[in-house]
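This report concerns only the one structure given below.
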Amino acid sequence: MITAQTIDYLKAKNKSILDENLTRSFLIQNYFRYGSRNDWRELLERGTESSLTSDALTRRLGLD
């Protein structure tokens, strides 16, 4: 679910996740640089601007 939500966010903001520099920068700035200091739910919400939901995964699986 986390991966699907992150991919959806990156596609919405950047139109592609294939730009390695933008994707790498996003992951470092929003997830990796904090290590284990912050709860993963907080990092996800900060990075994708929404709390974890199954919506993105449901769309990916074609279950919507």
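No lab work stands behind these numbers, since they all come straight from the coordinates. Remember, it's a predicted structure, so these values are computed and weren't measured experimentally. With ideal geometry, Cβ positions are generated from the backbone for all residues, glycine too; neighbour counts draw on all protein chains shown.
Residue exposure proxy: I28, I17, ordered by other Cβ atoms within 10 angstrom of their Cβ from fewest to most, comes out as I28, I17.
Ranked for footprinting exposure by Cβ neighbours inside 10 Å, fewest first, D55, D64 give D64, D55. For Rg/Rh (Cα atoms, Kirkwood Rh), computed directly from the structure shown, the correct entry in [x] 0.98; [y] 1.03; [z] 1.49 is [x].
Gain on full extension, evaluated as 0.36 nm per residue between L61 and I2 minus their Cα-Cα distance, stands at 19.8 nm.
Each residue of the stretch 52-64 is assigned a 3J(HN,Hα), and the resulting list reads 5, 9, 8, 4, 5, 5, 4, 4, 4, 7, x, 9, 8 Hz, derived from the Karplus form 6.51 cos²θ - 1.76 cosθ + 1.60 (θ = phi - 60°), x at Gly and Pro.
Expected output is a single nm value to one decimal: the length gained when fully extending between E42 and K13, i.e. 0.36 nm times separation in residues minus the C-alpha distance. What is it?
Result: 8.5 nm gained on full extension.
With the simple model of a label 7 Å out from the Cα in the direction of the Cβ, S54 to N30 spans 2.3 nm. Take every Cα pair under 8 Å whose residues are at least 6 apart in sequence, average their separation, divide by the length of the chain, and the relative contact order is 44 percent.
Counting only Cβ charges, +1 for Lys and Arg and -1 for Asp and Glu, the dipole size of the chain around its Cα centre is about 160 debye. Highest mobility in the GNM of the chain, judged by mean-square fluctuation with C-alpha springs under 10 Å and restricted to R37, R24, R46, is found for R37. Karplus-derived 3J(HN,Hα) values for the stretch 2-17, using 6.51 cos²θ - 1.76 cosθ + 1.60 with θ = phi - 60°, are 5, 4, 4, 5, 5, 4, 4, 5, 4, 5, 5, 7, 10, 6, 6, 9 Hz; glycine and proline are entered as x. Our coupling estimate for the stretch 29-38, obtained by passing each phi through the Karplus curve with A = 6.51, B = -1.76, C = 1.60 and θ = phi - 60°, is 5, 9, 10, 5, 5, 8, x, 9, 5, 10 Hz, Gly and Pro reported as x.
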